[in-house]
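**Q** Sharing a structure, written as structure tokens. Questions coming.
Bear in mind that the values in this text are calculations on the coordinates, not laboratory data. Quick caveat: nothing in here was measured; it's all calculated off a predicted structure. All Cβ positions, even for glycine, are placed from backbone atoms using ideal geometry, and neighbour counts span all protein chains on display.
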Amino acid sequence: MKIPITLNGEMRVLEADPTMSLLEVLRREGCVSAKLGCAQGRCGSCTVLLDGKAVPSCIIPFVAVRDTSIVTMEQFSKTKEYELIVESFEKAGVQLCGFCNAGKILGTYSLISTYQRPSHQLIYDMVRHFDCSCTEQDSLMQGIVFAVAAFQSYAHKRQEKEKKTNRTSKNGRKGKN
């Protein structure tokens, strides 16, 4: 069965058996950052962004992703958001073991993208689903809180820069008239 998707920013038509999971197809396509762990969607090792939301690719049938956008860690690791999350995790002492990184990082991104300022309860609800023992819950929660603050600071700095750019370009046009 042929399924059109956008994979890491590239429009693709992938062919796969309808019984295959999204994870199986991604790995076949060379996206090895998504790994098979628990095969039940709990450990985080197979997490990808599906239309901007963190999902466990091991339990999603490939046929269900027609006309969607999928981002794996291969692509996400090139973004400023990735950098902000990793720096925040390091500050909180969060261990990145390599096994559940996708779940922690993409889950944090999805949470912040959805709620901008997620409550303690929302953060806890996300964290309690991870089944990896590399980081204790309190450190991960603190890392997410730091990431929220980092995203807010980055957004503020970008807005200030845009305002300054807009003032400069308006002043430049007035001087030319």
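**Q** Quick one: 3J(HN,Hα) in Hz for the range 37-50, Karplus 6.51/-1.76/1.60 with θ = phi - 60°, rounded, Gly and Pro as x.
**A** Computed from phi, the couplings for the range 37-50 are x, 7, 6, 10, x, 10, 7, x, 5, 9, 5, 9, 8, 10 Hz.
**Q** Looking only at Cβ-Cβ distances, which cysteines of the chain have no other cysteine closer than 4.7 Å?
**A** Cys31
**Q** Would you please classify the overall shape of the chain from the alpha carbon gyration tensor, given that a ≥ b ≥ c denote the square roots of the eigenvalues, rounded means a/c under 1.5, and beyond that prolate means a/b larger than b/c while oblate covers the rest?
**A** Oblate shape, in that a/c is at least 1.5 and b/c is the bigger or equal ratio.
**Q** Would you work out the relative contact order for the range 1-103, in percent, from Cα pairs under 8 angstrom that are 6 or more residues apart?
**A** 32 percent
**Q** May I ask for the angle, rounded to the nearest 10°, between helix 80-92 and the longest principal axis of the chain, with both axes built from Cα atoms and the value confined to 0 to 90°?
**A** Long axis of 80-92 versus the principal axis of the chain: about 80 degrees.
**Q** Right, next: Find how many whole Å separate the alpha carbon centroid of the range 10-53 from the alpha carbon centroid of the range 94-129.
**A** 19 Å
**Q** Once a ≥ b ≥ c are taken as the square roots of the eigenvalues of the Cα gyration tensor of the range 34-102, is the result rounded (a/c under 1.5), prolate (a/b larger than b/c) or oblate (a/b not larger than b/c)?
**A** Oblate, because a/c is 1.5 or more while a/b does not exceed b/c.
**Q** Quick one: helix 101-115 against the long Cα principal axis of the chain, what's the angle to the nearest 10°, folded into 0 to 90?
**A** With both axes taken from Cα atoms, the answer is about 50 degrees.
**Q** Pairs Lys78/Lys163; Lys91/Lys163; Lys80/Lys157: which exceed 19 Å Cα-Cα? Present the calculation step by step, with values, prior to reporting the outcome.
**A** On the way: Lys78/Lys163 26 Å; Lys91/Lys163 30 Å; Lys80/Lys157 13 Å.
Over 19 Å apart, Cα to Cα: Lys78/Lys163; Lys91/Lys163.
**Q** Please give the calculated 222 nm ellipticity per residue for the chain, where each DSSP H segment of at least 4 residues contributes -39500 (n - 2.57) and the sum is spread over every residue; nearest 500 deg cm²/dmol?
**A** After summing the helix terms and dividing by residue count, I get -16000 deg cm²/dmol.
**Q** Counting alpha carbon pairs within less than 8 Å and at least 6 residues apart, what relative contact order, in whole percent, applies to the chain? Walk me through the numbers before you get to the answer.
**A** Working: 265 pairs, mean separation 37.7, N = 177.
Dividing the mean separation by the residue count of the chain yields 21 percent.
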